[in-house]
Amino acid sequence: MSTQPRILIAEDESGIADTLQYVLRTDGFVPVWCATAEQAIAQFAAEPPALAILDVGLPDMNGFELFKRLQALPGGALVPMIFLTARSDEIDRVVGLELGADDYIAKPFSPRELVARVRTILRRSARGGHPAGAAGPAGAAATAAPALPAAAPAAAPAGPFALDSERMQIRYYGRLLELSRYEYGLLRLLVQRPGRVYTRDDLLRLVWDEASDSFDRTVDAHVKTLRAKLKAIAPEVDAIRTLRGTGYALNEDLPLDGA
Ligand code: CA
């Protein structure tokens, strides 16, 4: 009888599935491989996993559709899901659709990075997104029970930020930010995944149309102006963290009334 977290893998390429299973097993997870979306739905319905990894390009259904079908199953909305994608236009869709998936991994991926992401997401889920001190029964997080994540992880507003995608506007502590197109794109991405680290390359790929015209410094310059605008509203708050040599992330522990 295992209490190790089960990870559902929907991936039709056996080579990739083998690698995934190997690294997950090595790290103490129990991988369950499904080569088709149909199998994945059956497995998921029989017993929801701790987390699901979905290939976007499956033979019988695309990963986005599968995601929606799984979410609709009992308990499905509580299971964190990661997309595996081979193409940058798919990544754009993952981000743009705001499906509520927890993350994506671009192929080819580093197995080490993948396991680290799985761990981070499960840890975040186990905490249930409760603010410190307001957590539920203390035992809940310690059981590593994967079935207690925050509702709708990706769409959850990040503390003081309020995102209005239709109007392409972001409020910060209730105040409307006047953002350029790229500042808006950057902040929107960060706000949707508090704590998630984006490298400069990630940001160039996801926010700028033509990465070839841009440089790492472009990202830095926009983050700088963005920070200045945030500071103008809440001088004491550092909303965007710099990870030296790596990239940027939204601070996960922002005060709810900073201004
Ligand atoms: Ca595939």
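Hey, does the stretch 16-35 have a residue that's closer than 25 Å to residue 73 by Cα, at pLDDT 95 or above, within 13 Å of the ligand (Cβ to nearest atom) and assigned to a loop (DSSP other than H, G, I, E, B)?
Looking for residues that are closer than 25 Å to residue 73 by Cα, at pLDDT 95 or above, within 13 Å of the ligand (Cβ to nearest atom) and assigned to a loop (DSSP other than H, G, I, E, B), one finds at least one in the stretch 16-35, hence yes.
Could you tell me which numbered condition residue 221 fails, if it satisfies all but one of (1) over 16 Å from residue 172 (Cα atoms); (2) in a loop (DSSP other than H, G, I, E, B)?
Residue 221 satisfies all of (1) over 16 Å from residue 172 (Cα atoms); (2) in a loop (DSSP other than H, G, I, E, B) except (2).
I'm trying to understand the selection: among the residues of the stretch 22-51, which are of a type outside the set (Ser, Thr, Tyr) and under 17 Å from residue 116 (Cβ atoms)?
As a first pass, look at the stretch 22-51 and keep what is of a type outside the set (Ser, Thr, Tyr): 23-25, 27-35, 37-51.
The answer is 23, 24, 25, 27, 28, 29, 31, 50, 51.
The values are calculated or read from the model by the stated rules, or taken from the named source; none is laboratory data. This is a predicted model, so every value here is computed, not measured. Please note: Cβ atoms are built from the backbone with ideal geometry, for glycine as well, and neighbour counts cover all protein chains shown.
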